[in-house]
Amino acid sequence: MDKFFFRCSFGRNLWQKHDWLYVRSPRWLDTSSWEQHEDGISNVIPADLKVEDTQMGRDRTGETYLSMLLKHPVHGNCRINCTCSFADRMAPLLVLSQELSPVHHDHLEVVMYDRGVNLWHHYFTDGKPSWELLGYMDLELQPKTRYKLEAELYHTTKGAFITMSCQGHSFGCKIGKWPMTYYTGFTACEGRNTFYDFSLASGIDTPNVMRERTSD
């Protein structure tokens, strides 16, 4: 499997917009935009939007949502990570998507918020967006603090597995079937999020410990 490595900083003049595809959620037509800082990018929050109205289930949640996928595909296993922070409670996240499209369809979200990290699978049922919580990890995370959020996806003879890490803690989950070619990126939502960098290692080897876990 061919290996590919990508890393960028989101500081001013340090990243290329043409490397990325902007993606919106199928749940809303609205979307946010990026505000450039010296050391990172943040999703723009409308001045008249209250913090509690940025969370899921509110009428204007989509106005805080903004996602980007790296246009270069992943082949096989991968490791992705980003350094990010949230201003209030939620919810910067990593994305692994089955397709490169301006609207998200079947994808995984590794979501960081003040109570830890959640793993969500988003998909369509009867033409409507649906989602399911696959796993979670309890942590006490603080607002306006930089954290490294990481995810590793491995294909094995027993299906695909994902491992998520933050603050020296990690947990793994079987996700079953997953394509060998897919795309990665990140999303800002449910409040003001800041991203400082992103990295991808594609085509990496399956570690021995994972081989042992999935052996007969």
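Remarks
- Test set (1) in contact with a Lys or Arg (Cβ under 9 Å, 6 or more places away or on another chain); (2) open to solvent by 50 Å² or more (accessible area, probe 1.4 Å); (3) within 24 Å of Arg192 (Cα to Cα); (4) of a type outside the set (A, V, I, L, M) - Gly172 fails condition number: (3)
- Residue selected from the stretch 79-104 under the condition assigned to a loop (DSSP other than H, G, I, E, B) and among the aliphatic types (A, V, I, L, M), by the criterion farthest from Tyr123 (Cα to Cα): Ala87
- Extreme residue, least open to solvent (accessible area, probe 1.4 Å), among residues of the stretch 125-159 that are free of Cβ contacts under 8 Å to residues at least 60 places away in the same chain, of a type in the set (A, V, I, L, M, F, W, C) and closer than 22 Å to Tyr182 by Cα: Leu134
- Verdict on Leu29 being open to solvent by 20 Å² or more (accessible area, probe 1.4 Å) and either of a type in the set (D, E, K, R) or over 16 Å from the mean Cα position of the chain (by Cα) (or both): yes
- Among the residues making up the stretch 114-150, those that are among the hydroxyl-bearing types (Ser, Thr, Tyr), assigned to a strand (DSSP E or B) and over 20 Å from Arg24 (Cα atoms) are Tyr136, Tyr147.
- Qualifying residue in the stretch 192-205 (condition: surrounded by fewer than 17 Cβ atoms within 10 Å (Cβ to Cβ), touching a strand residue (DSSP E or B) at 6+ places or on another chain (Cβ under 8 Å) and not in a strand (DSSP E or B)): yes
- Answer residue from the stretch 45-69, given it is assigned to a strand (DSSP E or B) and hydrophobic (A, V, I, L, M, F, W, C) and is modelled with the lowest pLDDT among those: Leu66
- Pro46 under 25 Å from Leu14 (Cα atoms), open to solvent by 20 Å² or more (accessible area, probe 1.4 Å) and not polar (S, T, N, Q): no
- Extreme residue, farthest from Leu94 (Cα to Cα), among residues of the stretch 168-191 that are assigned to a strand (DSSP E or B) and free of Cβ contacts under 8 Å to residues at least 60 places away in the same chain: Gly176
- Which numbered condition Leu21 misses (of (1) within 22 Å of Leu139 (Cβ to Cβ); (2) open to solvent by 20 Å² or more (accessible area, probe 1.4 Å); (3) at pLDDT 95 or above): (1)
The values are calculated or read from the model by the stated rules, or taken from the named source; none is laboratory data. From a predicted model like this one, the values you see are computed outputs, not experimental measurements. Don't worry about glycine lacking a Cβ; one is built from the backbone with ideal geometry, like all the others, and counts go over all protein chains shown. We work out accessible area using only protein heavy atoms, side chains counted, and drop any ligands, DNA or RNA first. Shrake-Rupley method; radii C 1.70, N 1.55, O 1.52, S 1.80 Å.
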